[in-house]
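**Student:** Supplied in structure tokens, the structure appears directly below.
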Amino acid sequence: MSEPWEPRRNDPGLPPLPPELDPRRGQPRRQPPPGAAGDPGARWVGLSVGGSAYRSSGGWPGGPSGGGPTGGDPSRGGPTRGGGSGRRRAATATKVVAGLLSAAILIASGWLWLLVRQFNANVNRVNAITHSGRDVDGTDQNILLVGNDNRGGLTDAQLKDIGTTLDPGGGFNTDTILLVHVPANGSKASAVSFSRDLNVFIPVLGREGKINSAYGNGACPKGCGPVLTKAQQQAGARSLVDTVTQFSGLSIDHYVEVGLLGFYNITEVLGGVQVCLKRAVKDPDSAINLPAGRQTIKGRQAVAFVRQRHGLPNGAFSRIQRQQYFLGAVFRKLTSAGTLVDPLKQQRLVRALAGSLTMDPDLNPLELARQMQNLTAGNLQFLTVPVTGTGKNAAGQDVDLPDKAALPAFWDKVLGRKAASGGSGTPAGATVPRAQVKVTVLNGTGTKGLATQTSRQLQTLGFGVGPTGNAARSGQTVIRYGAGQEPAARTLAAVVPGAQLQADDSVTAVTLVLGTDFGGLKSGSGGSGSAGSGGSGGGSTPASGSGSPTVPPPRTAAEEDCID
């Protein structure tokens, strides 16, 4: 753009600028534009300053006779700048702002890249994912989040910091287990807690056991030292992944594990989170010592808050509620405005996370963060696997007994699916005549000939039968059904006590998969009694329960109430 014409230069009544002050010194003089002062055809020109236009024959409107515009005074040489210069300044300012924004984006991107690189270089990775389950939820993500209670390798000072002592048995129990389900669009998430004593089939054992022992049994089938090798870590993680997959029917996509010291360090870097207790608590086993009311806790007291189970009204289930409550508070803090704007704090948190976590090689924290960027505290829901009570399993252990009848609807809720309704308006719970149900039987017990035997018994009870075969060893008997087959599956479930219904679009016929908990078929039209000697598949017998632990009600991360 050419420089705007300056009236002052061509006004014979004003002295010329001194050469040393002339900004155009050494440049050829520009000719005035048509219609400017001195041009016989003078007229309004399209230049404006502060909303006023310049007219060569009469100066600025209200100029010499009525005062010039704010931008200048023609009686003293006209406006200091024309409208063209205003546009140039605006364009220059826009370029400056755009440049600054671009620089900020590049700096932020570079800083983020540096943080991710630092994290990846220091985090412990273990190949925990076996992909042994059926991927029933497609591109949704299922992340197994595990708290490992092992204290091997910690110094006396570190043990004192976290308020515990060395476990002489060198145990590797995973007393905190959560399965986090994140839909592909990241708009909501569900975190499912498993009670540590939940009775489940553990594949590496080939029998039932407490779910918190699956890791240790996988890592140390012949015993371990106080600190696991990389291979033992992998074996333990894989065993737990397989166990949760077997129980839930979901394929685990990622694995994240944290130890007691790691949890301590992370809460310290975060500066603590706010909790509220209904009453003061003090427990020597967990080292908790907190007053009633709202307060910020970190480090030792944060570890104690999520570990305490003695002296609570609902025992281990009160501890589950505490853990869900605490994680909700952490989520609120991490997603609140201004929490992580300090680069130094960001770096300290990344270092703490990298030094505290173990995860699978394919988990990309940045991609996961992008998937969950629209997740709000109100859309992060915490659930607990339902149980019917406590009892003893076949190994004689005191366990929490899963509510098998409630599990299908529970997992539907986790996955965000509507409760199965028969596909085309069929009400939930509806059944069909047995003659309309054709059943494929698969043997997951390891007992030779059990599928064929069960198929014949089903035929005797009036069912149609298809092929038989073998399946991967399983502790849970399940009935899989495709779209529109739920009424048929319910008809079959009426004669298979304890069977779990699972929707599965990959099956073309109702499929009965026998697990080691299979105790035979019911005879008649719904009465009790065995329709043959199905036995228990050479594994365990169904545990009978007593007592009634209260499973914590669902809650979201947005809830800030006071708890026990």
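The values are calculated or read from the model by the stated rules, or taken from the named source; none is laboratory data. The model shown is predicted, which means the values in this text are computed figures rather than measured ones. Virtual Cβ from ideal backbone geometry, glycine too; neighbours counted across all protein chains shown.
Residue-wise test of (1) at pLDDT below 90; (2) more than 18 Å from V256 (Cα to Cα).
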| residue | (1), (2) |
| --- | --- |
| V350 | yes, no |
| P361 | no, no |
| E367 | yes, no |
| T384 | no, yes |
| A394 | yes, yes |
| D398 | no, yes |
| L401 | no, yes |
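**Student:** A further question on this structure: Being crowded, with 23+ Cβ neighbours inside 10 Å and modelled with pLDDT of 90 or more narrows it down to one of N199, N148, so name that one.
**Tutor:** On the way: N148 fails: modelled with pLDDT of 90 or more.
Unique residue meeting the criteria: N199.
**Student:** Could I ask something else about it? With respect to E257, determine if the residue is acidic (D, E) and either over 27 Å from Y325 (Cβ atoms) or touching a helix residue (DSSP H, G or I) at 6+ places or on another chain (Cβ under 6 Å) (or both).
**Tutor:** Values: acidic (D, E): yes; either over 27 Å from Y325 (Cβ atoms) or touching a helix residue (DSSP H, G or I) at 6+ places or on another chain (Cβ under 6 Å) (or both): no.
No, not satisfied.
**Student:** Follow-up question, since we're still on this one. Which of (1) over 30 Å from G311 (Cα atoms); (2) modelled with pLDDT of 90 or more does E560 not meet, given it meets every other one?
**Tutor:** Only one criterion is unmet by E560, namely (1).
**Student:** Tell me which residues, restricted to the range 298-322, are buried (at least 21 other Cβ atoms within 10 Å of the Cβ) and farther than 11 Å from V281 by Cβ.
**Tutor:** A302, V303, V306, R307, R319, I320, Q321
**Student:** For the range 276-302, name all the residues that are under 28 Å from the mean Cα position of the chain (by Cα), touching a residue at least 60 places away in the same chain (Cβ under 8 Å) and farther than 17 Å from K160 by Cβ.
**Tutor:** Matches in the range 276-302: C276, L277, R294.
**Student:** Hey, among V439, V478, V432, V465, which residue is among the aliphatic types (A, V, I, L, M), touching a strand residue (DSSP E or B) at 6+ places or on another chain (Cβ under 6 Å) and more than 16 Å from K522 (Cα to Cα)? Quick ask: steps written out before the conclusion?
**Tutor:** Numbers: V439 fails: more than 16 Å from K522 (Cα to Cα); V478 fails: more than 16 Å from K522 (Cα to Cα); V432 fails: touching a strand residue (DSSP E or B) at 6+ places or on another chain (Cβ under 6 Å).
On inspection, the qualifying residue turns out to be V465.
Conditions tested, residue by residue: (1) crowded, with 21+ Cβ neighbours inside 10 Å; (2) closer than 28 Å to D140 by Cα; (3) among the polar types (S, T, N, Q).
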{"site": "N217", "(1), (2), (3)": "no, no, yes"}
{"site": "S239", "(1), (2), (3)": "yes, yes, yes"}
{"site": "I252", "(1), (2), (3)": "yes, yes, no"}
{"site": "L260", "(1), (2), (3)": "yes, no, no"}
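**Student:** In this structure, is F247 in contact with a Pro (Cβ under 8 Å, 6 or more places away or on another chain), buried (at least 18 other Cβ atoms within 10 Å of the Cβ) and under 21 Å from D175 (Cβ atoms)? Quick ask: steps written out before the conclusion?
**Tutor:** Details: in contact with a Pro (Cβ under 8 Å, 6 or more places away or on another chain): yes; buried (at least 18 other Cβ atoms within 10 Å of the Cβ): yes; under 21 Å from D175 (Cβ atoms): yes.
So F247 fits the description; yes.
**Student:** On the basis of being among the basic types (K, R), part of a loop (DSSP other than H, G, I, E, B) and either under 16 Å from T445 (Cβ atoms) or at pLDDT 90 or above (or both), does R480 make the cut?
**Tutor:** Working: among the basic types (K, R): yes; part of a loop (DSSP other than H, G, I, E, B): no; either under 16 Å from T445 (Cβ atoms) or at pLDDT 90 or above (or both): yes.
The answer is no for R480.
**Student:** Let me ask another. Against the condition in contact with a strand residue (DSSP E or B) (Cβ under 8 Å, 6 or more places away or on another chain), part of a helix (DSSP H, G or I) and modelled with pLDDT of 85 or more, how does Q324 come out, does it pass?
**Tutor:** On the way: in contact with a strand residue (DSSP E or B) (Cβ under 8 Å, 6 or more places away or on another chain): yes; part of a helix (DSSP H, G or I): yes; modelled with pLDDT of 85 or more: yes.
Criteria met by Q324.
**Student:** Output the residue which, of all residues in the range 471-486 that are surrounded by 15 or more Cβ atoms within 10 Å (Cβ to Cβ) and more than 31 Å from the chain's Cα centre (by Cα), is nearest to P402 (Cα to Cα).
**Tutor:** Let us first name the residues in the range 471-486 that are surrounded by 15 or more Cβ atoms within 10 Å (Cβ to Cβ), namely 471, 473-482, 485-486.
Adding the requirement that they be more than 31 Å from the chain's Cα centre (by Cα) leaves 471, 485.
Values: A471: 23, Q485: 25 Å.
Across the range 471-486, the extreme among qualifying residues is A471.
**Student:** Tell me, which residue of the range 490-521 that is of a type in the set (S, T, N, Q) and in a strand (DSSP E or B) is farthest from D403 (Cα to Cα)? Full working, then the answer.
**Tutor:** Initial filter on the range 490-521 (of a type in the set (S, T, N, Q)): 491, 500, 502, 506, 508, 511, 516.
Right, trim to in a strand (DSSP E or B) and you get 500, 502, 511.
Numbers: Q500: 10, Q502: 15, T511: 21 Å.
Checked the range 490-521; the qualifying residue farthest from D403 (Cα to Cα) is T511.
**Student:** While we're on this one: Give the residue that is farthest from I211 (Cα to Cα), with candidates limited to residues of the range 446-456 that are touching a Leu at 6+ places or on another chain (Cβ under 9 Å) and at pLDDT 90 or above. I'd like the intermediate steps shown before the answer.
**Tutor:** Taking the range 446-456 first, the residues touching a Leu at 6+ places or on another chain (Cβ under 9 Å) are 447, 450-451, 454-455.
Next, only the ones that are at pLDDT 90 or above stay: 450-451, 454-455.
Values: L450: 27, A451: 27, T454: 29, S455: 31 Å.
If we take residues in the range 446-456 being touching a Leu at 6+ places or on another chain (Cβ under 9 Å) and at pLDDT 90 or above, then S455 is farthest from I211 (Cα to Cα).
**Student:** Out of all the residues in the range 378-409, which are under 29 Å from D504 (Cα atoms) and of a type in the set (S, T, Y)?
**Tutor:** Residues satisfying the conditions are T384, T388.
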